[in-house]
Amino acid sequence: MGSFREMLAKPAVGWSVAGIAILVAALIFWRSVTSRDSYDISRLSQTVTVRFTDTNNEIKLTRAEFEKQLRALPGTLSTSSGIINPKTGKPTGILVATADWEEVVNRINGERTWAQENSPFGSAPPKPAGTDKPR
């Protein structure tokens, strides 16, 4: 067998390497276009419509900003309450797309549960009775 340089000089080897490189590039492109990951940059940069159920006002936010505001809320999320309405101060902002809203709430609650169960510091201590402030 000849040297490595002689082997690379053959057209079949060059075309094979080029073909493999093109296939890998096409695969990477296809995966980026068809990604269904919740944290894909193209999904997080989508514009979503949020409706405040107490005033029926609607605003448009990027999905990333909406989820950031949702994650800032303490405790377990529910599908009946969402981000804080700046006009009333109540947590009534939910996504207009109902199926998408339920998926976001379930995903964030699942992530919070997982993080709490896998925390090296254990779960949060229980609140002492009578320390909840009325809203």
Qualifying positions in the stretch 57-95 - touching a Pro at 6+ places or on another chain (Cβ under 7 Å) and surrounded by fewer than 16 Cβ atoms within 10 Å (Cβ to Cβ): 73, 81
Any hit, the stretch 47-56, residues being surrounded by 14 or more Cβ atoms within 10 Å (Cβ to Cβ) and among the aliphatic types (A, V, I, L, M): yes
Any chance residue 32 is open to solvent by less than 80 Å² (accessible area, probe 1.4 Å) and free of Cβ contacts under 8 Å to residues at least 60 places away in the same chain: yes
Residue selected from the stretch 1-20 under the condition open to solvent by 100 Å² or more (accessible area, probe 1.4 Å) and in a helix (DSSP H, G or I), by the criterion nearest to residue 107 (Cα to Cα): 20
Test: residue 41 is out of contact with any Ser or Thr (no Cβ under 6 Å at 6 or more places or on another chain), open to solvent by 70 Å² or more (accessible area, probe 1.4 Å), at pLDDT below 90 and among the β-branched types (Val, Ile, Thr): yes
Candidates 55, 92 - the one that is polar (S, T, N, Q) and in contact with a Phe, Trp or Tyr (Cβ under 6 Å, 6 or more places away or on another chain): 92
Conditions (1) under 26 Å from residue 41 (Cα atoms); (2) touching a residue at least 12 places away in the same chain (Cβ under 8 Å); number of the one not met by residue 114: (2)
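The values are calculated or read from the model by the stated rules, or taken from the named source; none is laboratory data. On a predicted model such as this, the values are computed, not experimentally measured, just so you know. FYI the Cβ positions are ideal-geometry reconstructions off the backbone, even for glycines, and counts take in every protein chain you see. Heads up: the accessible areas ignore ligands, DNA and RNA and are worked out on the full protein's heavy atoms, side chains in. Shrake-Rupley method; radii C 1.70, N 1.55, O 1.52, S 1.80 Å.
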